[in-house]
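Scroll down for the structure; my scribbles are underneath it.
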């Protein structure tokens, strides 16, 4: 009788271990190839994404202008990446998909321009233009408690996005140190390249929020981006930056 009970317990533990290991493998594969959850560390994307929101990022779907994307901080916009190191056991839980990535070595912004796009702020109505077409951004720019919406940008700029690069901005424009704030920075020895994250640094586009539950929503590029014209010329190898470089009011 005791042997039967012992054998039953061992069998149960063995099956439980198989289930747990299988779940961990499935979760890891899901995180590596399909979806990863990130924790939002700042208010630069409010109110599209608030601080501590958890957002699921789709790795297999291509992204485009207008999408909200998560990307590695290869440009070191956040400073020395070593300062974001966390405990190895936390890294392990993130790796297997049991915790959202909150290591802060990634950023989340909206893609405004892709390779070859001529992005300018602003036209006579205060709107950003892409390849000469004005963007109506009233559907997602941050609005404060008094109903006052952020302007598209307090800093003027005129750029052509180089090949393999992006121009990105936060939806809370007055609190986002985005591409506008890094136009004075060199990267890989190229002046101004610090403002343009690489396409290869993008983890994926935001698909949906998973927490808090009362903020659950899906994401798609605003319709206004669908009507933007294609670039007038092939993308340059280096950034084309015209006019004075902004001091960046969001520093």
Original post:
Quick one: if you stick a label point 7 Å off each Cα along the C-beta vector at residue 218 and residue 190, how many nm between them?
Top reply: 3.6
Subject >> Part-to-part distance (alpha-carbon centres) for region 181-225 and region 127-161, which is given in Å >> reply: 16
Subject >> In nm, spacing of pseudo-spin labels at residue 200 and residue 248 (7 Å Cα→C-beta vector) >> reply: 2.3
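Calculated FRET efficiency, residue 241 and residue 51, Cβ-Cβ r, R0 30 Å, to nearest 0.05?
Details: r = 32 Å, r/R0 = 1.06.
After rounding, the FRET efficiency stands at 0.40.
Provide the gained length on full extension for the span residue 131 to residue 156, in nm with one decimal, where the gain is 0.36 nm per separating residue minus the Cα-Cα distance. Don't skip to the end; give the middle numbers.
Working: separation 25, 0.36 × 25 = 9.00 nm, distance 1.59 nm.
The residue 131-residue 156 span can extend by a further 7.4 nm.
Applying a 10 Å radius around every beta-carbon, put 162-171, 216-225, 60-69 in order of their mean neighbour count, most first.
Numbers: 162-171: 22.7, 216-225: 14.2, 60-69: 17.7.
For the peptides 162-171, 216-225, 60-69, the packing ranking is 162-171, 60-69, 216-225.
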Subject >> Length added when fully stretched, residue 211-residue 149, from 0.36 nm per residue minus Cα-Cα >> reply: 19.8 nm
Original post:
What nm distance separates the two modelled labels at residue 226 and residue 124, each placed 7 Å from Cα along Cα→Cβ?
Top reply: 3.0
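Any read-out appearing in this document is the output of simple, stated calculations on the displayed coordinates, not a laboratory observation. Bear in mind that the values here come from a model prediction, so they are computed numbers and not experimental data. Don't worry about glycine lacking a Cβ; one is built from the backbone with ideal geometry, like all the others, and counts go over all protein chains shown.
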